[in-house]
Structure formats: C-alpha cells, structure tokens
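Below is one structure, written out as structure tokens, with a few remarks after it.
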Amino acid sequence: MKPVLIIDPGHGGKDPGGGSNKYWVEKDLNLTISLYQFQRYQQLGIPVAITRQKDVTLSPAERTKIVRESGAKYCHSNHINAGGGDGGEVIHSIYGGEDMAEEVAAELQHAGQNIRRIFTRPLPNDCTRDFYYMNRDTGAVITNIIEYGFADSRGDDIRQIKDDWQVLAESVVKAFCSYVEFPYESIRGGVTLKKYLSLPPEASTWRIYPLNASPVKGNEKGFLRPEKFGGLTYQILGTPQAHVYLIQTRDFGKVQIYGHPNTGAKVLTK
C-alpha cells in the first residue's frame, strides 16, 4: 500500500543542521521528532514512509528523489530554526500546501508554541520556482517545511523544544489527521485510545471490500448484516483513506469498509 505521507528528518550524517545548541544537535532532534511521528502514524493506521531512520547523509537530490518516488501525497520536513527569532514557522510551496500549513501552525499554537509566520518564498531570480529545494524538487508531493522553533531563541523556544518536543510533534500529527480527515486518537497517560466503528442496527446490509481493491460499489467482497445483530462494532485497525477503515471480521477476515458519517456509521473512542 502506498504511503499517504512521507516524513523527512532534515539534515543528517555530515550535515548537522544550523538549529543546534548545547542541548541538542539539529539533525538528531529532527530524527527524534520524525521517528516519534512515524510510529504514531503507524499506530493510527495511516500509511507512512520516512526518508531516513538513522544518522545518514542525504544530498538534496537523494532526499527529494526519495520523497518524489515514495508515492506519498504529502510530506512533513522537520527542522529546528536558527537566527535569533522566536516561534514556529511553516513554509509551503508557491504552488500549494498553504491550507495544510495553516492547520499545522494552528495546532502548534494550540500546543503552546507561538507562530512567527506561515510563508512561501520563490527564487529571487525566478519567481516561478520555490526557493527551498524541499518545496521545489519534491514534485507533486505537497510538502510543508516545519520549523518547531529557534535553537538560539531569546524567548522560550529552547525550553519548549527541550522539554516539550513530543507535545509539539504530536500536535503536527493531530493537525495532519484533521487536514486529511483521518480519525485521530489522542494519547492519555502514555496510552493510545482505541477507535471503533459502530454500524447502526437499522442497516440490513453493509458492503465490505478486499484490501487490494478500491472500496467502491462493484468491488465488494461480501456483506455484513448489522440489523441481524442489533448493530455491529469493530475496532478500527487502520485508515487507508478518509472514511475508509480496516477492520477484522469473523467470516471475511481483514477487510476495508466505508463509514462516512452520513451513512449512519459512528466512530467511537474507548
């Protein structure tokens, strides 16, 4: 299954990144944030990829090729800023990604980080091309460069990033789920809350689909019968696309099921 999202831990290997200080090296903190998000998206059942999982050097050409060829539609490129400012920044392409950037910035702010700006930047000598290669050379992948704060801030960024990096990383996960309309499960006390799909008792039949087919009429693998059992409830094992869920059934095994709210289906948290 192709990933919906690819995460890029900025820098790495011979490139430590400029957003470093006595508490962290940017390339390492970028990787820590990214691996956390990578695991969280896997827990949530969102197909996800990552450009690196260890401290390796990737050239701009190698990094952007991985993103382009991943099959993903979206990309987070995680960074820590430098330059003496304070607050988070989200950079999107001149050709798109602003809506996702605004969603990410709003959740970062809700998590306690002030937002310095959401912006885009073209090349000075060519206004038809993005300045940043992660926006310019990642093809059709909608990429947001996320700066979680400044390593040399005179404000509270250093404390926030050092003590609350996980809160900030989680806020981006929540923002992305909201943006692409995937169910989001929060973490309370270190425990991920499980989601369940409840099918209404008045539904006589409900189509289910194999994992390797598009979940549309004509591709069904069989039918569930909620009415016969006074309704049915299944744990959500994954969410390959908006309002499409993976569930484990007794008679058909693991299948896809469509459960938009207007069908009468409900997503419950336990």
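To check you understand DSSP bridge types, tell me what percent of the beta bridges within the chain (both residues inside) are antiparallel, rounded to 5. Present the calculation step by step, with values, prior to reporting the outcome.
Numbers: 29 of 48 bridges.
So the antiparallel bridges in the chain amount to around 60 percent.
Among the lysines, which fall within straight-line cross-link reach of LYS22, defined as a Cα-Cα distance under 17 Å, with same-chain neighbours fewer than 8 residues apart omitted?
Once the sequence-local lysines are set aside, what remains near LYS22 is LYS162.
Of SER59, SER70, SER178, which has the largest mean-square fluctuation in a 10 Å C-alpha GNM of the chain?
Answer for the Gaussian network model of the chain: SER59.
For the stretch 124-270, which whole percent of the accessible surface, found with a 1.4 angstrom probe, sits on carbon and sulfur atoms?
Here it works out to 48 percent.
Over 29 Å between Cα atoms: which of LYS174/LYS254; LYS73/LYS254; LYS217/LYS254; LYS14/LYS174 fall into that group? Write down the numbers at each step before the final one.
Details: LYS174/LYS254 26 Å; LYS73/LYS254 25 Å; LYS217/LYS254 18 Å; LYS14/LYS174 32 Å.
The answer is LYS14/LYS174.
Ordering MET1, MET134 by how much accessible area each has at a 1.4 Å probe, largest first, what is the list?
Numbers: MET1 155, MET134 10 Å².
Final ranking, largest accessible area leading: MET1, MET134.
Give me the percent relative contact order of the stretch 1-145, please, defined on Cα pairs under 8 angstrom at least 6 residues apart. Walk me through the intermediate numbers first.
Numbers: 266 pairs, mean separation 39.1, N = 145.
Once divided by the residue count of the stretch 1-145, the mean separation gives 27 percent.
Sort out for me the Cα centre separation of the stretch 26-88 from the stretch 103-147, rounded to whole Å.
So the separation of the two Cα centres works out to 14 Å.
If I require 15 Å or longer along the helix axis, counting alpha carbons, and a Kyte-Doolittle average no lower than 0.0, what helices from the chain are left? Use full DSSP H segments. Walk me through the numbers before you get to the answer.
Values: long enough: 26-44 (27 Å, -0.76); 98-110 (18 Å, -0.68); 157-180 (31 Å, 0.06).
Membrane-span-like by this criterion, though nothing is claimed about a membrane: 157-180.
So what are the three principal axis dimensions of the chain from its Cα atoms, in whole Å, longest to shortest?
Taking the Cα atoms of the chain, the three principal extents are 64, 40, 30 Å.
Would you please give the FRET efficiency between ARG159 and ALA213, computed as 1/(1 + (r/R0)^6) with r the Cβ-Cβ distance and R0 = 35 Å, to the nearest 0.05? Display every interim value, and only then the final one.
Working: r = 50 Å, r/R0 = 1.43.
The computed FRET efficiency comes out at 0.10.
Output the pairs from LYS2/LYS65; LYS65/LYS195; LYS54/LYS194 with a Cα-Cα distance over 25 Å in this structure; if there are none, say none.
Over 25 Å apart, Cα to Cα: LYS65/LYS195; LYS54/LYS194.
Full-extension gain between GLN53 and CYS127, please, as 0.36 nm times their residue separation minus the C-alpha to C-alpha distance. Write out the running numbers ahead of the final one.
Working: separation 74, 0.36 × 74 = 26.64 nm, distance 3.42 nm.
Computed gain between GLN53 and CYS127 is 23.2 nm.
Accessible area per residue of the chain at 1.4 Å probe, in Å²?
Numbers: 13020 Å² over 270 residues.
Result: 48 Å² per residue.
The values are calculated or read from the model by the stated rules, or taken from the named source; none is laboratory data. Computed from a predicted model, the values in this text were never measured in an experiment. Every residue, glycine among them, receives a Cβ derived from its backbone with ideal geometry; neighbour counts consider all protein chains shown. What goes into the accessible areas is simple: the full protein's heavy atoms, side chains included, and nothing from ligands, DNA or RNA. Shrake-Rupley method; radii C 1.70, N 1.55, O 1.52, S 1.80 Å.
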